[in-house]
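Worksheet: the structure to be examined is printed underneath.
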Amino acid sequence: MLWLAQSGSLDFFWVQGMETGMPHQFMSGNLPWLSGDRVVQGLVAGLGLLLLAWVLSLHLNRTASRRGLGARKISCLRALLLVGFFVAWEAALSLPGLRADGIYLPDPKVFWKANPQHHSRIQESGPGIAGLDRHLQIGIFDQEHVGAKPPGIFRIAFMGDSQVISSGLEAYAGKSTYPKVLETSLHELGLGGPEGQPVQVINAGMSGHSSWQGLMLARSEVLPLEPDLMVLAFGYHDSNQSLSSDREVLTDDPLTWRVRTLMYRSRLCLLLRTAILRFQAFRNDRTPPERLEPRVSPQEFAENLRAFADLGQRHAFRVVFLLEPFAHPSTTLNVARHRLALLEVARDLGVEVLDVHAAFERLDPDLKATFFQDQIHLTAAGHARMAEMVLEGLLEAGILTPRGRESTSRQ
């Protein structure tokens, strides 16, 4: 089935987050098992079954010799033995002790998204919060507003990488993330949408995602939530160096989607995928820098942003670009070409840009340092400050207004 993919067999399995130099950050997202011990267990199970198959093969040869079985019967029995080996291995990998229950799952379209069966460790209050009283329903972490949009509601969807969703040790920090802090602030301040509507905020960020993955995630997971505004915070992972571009691997070809969907149902295929990814990581460590390229080139980044804007026109939602802040100037330098491409697209299309990066740069350096736990991830205080800056930008753009403004002006 691998050769049905439009790219090579290894490319069909590759996941670009592995090339960022921080493979540990994406292991849970890109691999079907969260830890090496589960991979070892799966391989040991395979070796045990292979040994059993070898013993049965020897017994088959002796039996065939004693009973004088014909060559055709021996071939059929060996074929059945081979099929039985793979069926038994697949069954062994489905045992509870070998199954993965990680926070991410492989996905045929975007390569990884939130695991529908994972219970979040976030301690939150209120009904309907992921991890408390129900499983995740779709492939994003924030399940608070999953489902059809109620009448008279203005929905904002935030999309981006781990800066949008992570804090501390949590892959998804829930109510502490700046999109959800923003939602709380809107209710407390009595602010609403452009016509004063009540606002629901959906956090659809995903660790390690590029703009190409975000575009496919928007099509498959976010559009059904009927957003009125989509805030896009991409660029960091687009600029990461890799062996090949996202579009070569994360194709939106329907045939490849279908093949991957079938393959991902097999835990044996996922185990083989794990082994290939680990080989890829080993290979990347030894790849000369001159042979690497951005996951998404600045030109492709601009095309993806334009595709988001076109998606907004066709599905009646507005797009806003957000320039993420970083702790160190070197990170900003790495994404400089992508930011220039973003500003050019924003200028051509008339898209609003929330330059949170510039706002962070104006802060006192010591204060700014308290808002980051590393180069890109925010502390809880950093998420709170981000929410303030995003709120200010959306107010200045006229996207957020006092609740009931329109009705008050008509009276």
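Quick look at the values:
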item: Any chance S185 is modelled with pLDDT under 95, assigned by TED's automatic domain parsing to the domain that holds V231 and either under 13 Å from the mean Cα position of the chain (by Cα) or surrounded by fewer than 24 Cβ atoms within 10 Å (Cβ to Cβ) (or both); result: no
item: Residue list for the range 327-345, filter: within 22 Å of A387 (Cβ to Cβ) and in contact with a strand residue (DSSP E or B) (Cβ under 8 Å, 6 or more places away or on another chain); result: A327, L342
item: Residue check for F154: farther than 22 Å from L215 by Cβ, out of contact with any Lys or Arg (no Cβ under 9 Å at 6 or more places or on another chain) and at pLDDT 80 or above; result: yes
item: Which listed residue, of P179, P194, is in a loop (DSSP other than H, G, I, E, B), in the same structural domain as V356 (by TED's automatic domain parsing) and touching a residue at least 24 places away in the same chain (Cβ under 8 Å); result: P194
item: Matching residues in the range 281-305 - criterion: being out of contact with any Pro (no Cβ under 9 Å at 6 or more places or on another chain), in a helix (DSSP H, G or I) and either modelled with pLDDT under 65 or exposed (fewer than 13 other Cβ atoms within 10 Å of the Cβ) (or both); result: F282, R283, P289, E290, R291, Q299
item: Which numbered condition L50 misses (of (1) within 30 Å of Q213 (Cβ to Cβ); (2) modelled with pLDDT of 75 or more); result: (1)
item: Those residues of the range 310-344 which are part of a helix (DSSP H, G or I) and crowded, with 20+ Cβ neighbours inside 10 Å, in sequence order; result: G312, H338, R339, A341, L342
item: Criterion: at pLDDT below 80 and closer than 27 Å to V199 by Cβ - qualifying residue of G68, G102, G147, G131; result: G131
item: Single residue of T370, T401 found to be in the same structural domain as S166 (by TED's automatic domain parsing), surrounded by fewer than 20 Cβ atoms within 10 Å (Cβ to Cβ), at pLDDT below 95 and more than 25 Å from the chain's Cα centre (by Cα); result: T401
item: Hits in the range 144-174 (condition: out of contact with any strand residue (DSSP E or B) (no Cβ under 9 Å at 6 or more places or on another chain) and crowded, with 22+ Cβ neighbours inside 10 Å); result: S162
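Per-residue answers, yes or no, for (1) under 22 Å from D228 (Cβ atoms); (2) in contact (Cβ under 8 Å) with a residue 24 or more places away in the chain:
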{"site": "E300", "(1), (2)": "no, yes"}
{"site": "N304", "(1), (2)": "yes, yes"}
{"site": "R314", "(1), (2)": "yes, no"}
{"site": "V319", "(1), (2)": "yes, yes"}
{"site": "H328", "(1), (2)": "no, yes"}
{"site": "V335", "(1), (2)": "no, yes"}
{"site": "D348", "(1), (2)": "no, no"}
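The values are calculated or read from the model by the stated rules, or taken from the named source; none is laboratory data. This one's a predicted model, so the numbers in the text were calculated from it and none came from an experiment. All Cβ positions, even for glycine, are placed from backbone atoms using ideal geometry, and neighbour counts span all protein chains on display.
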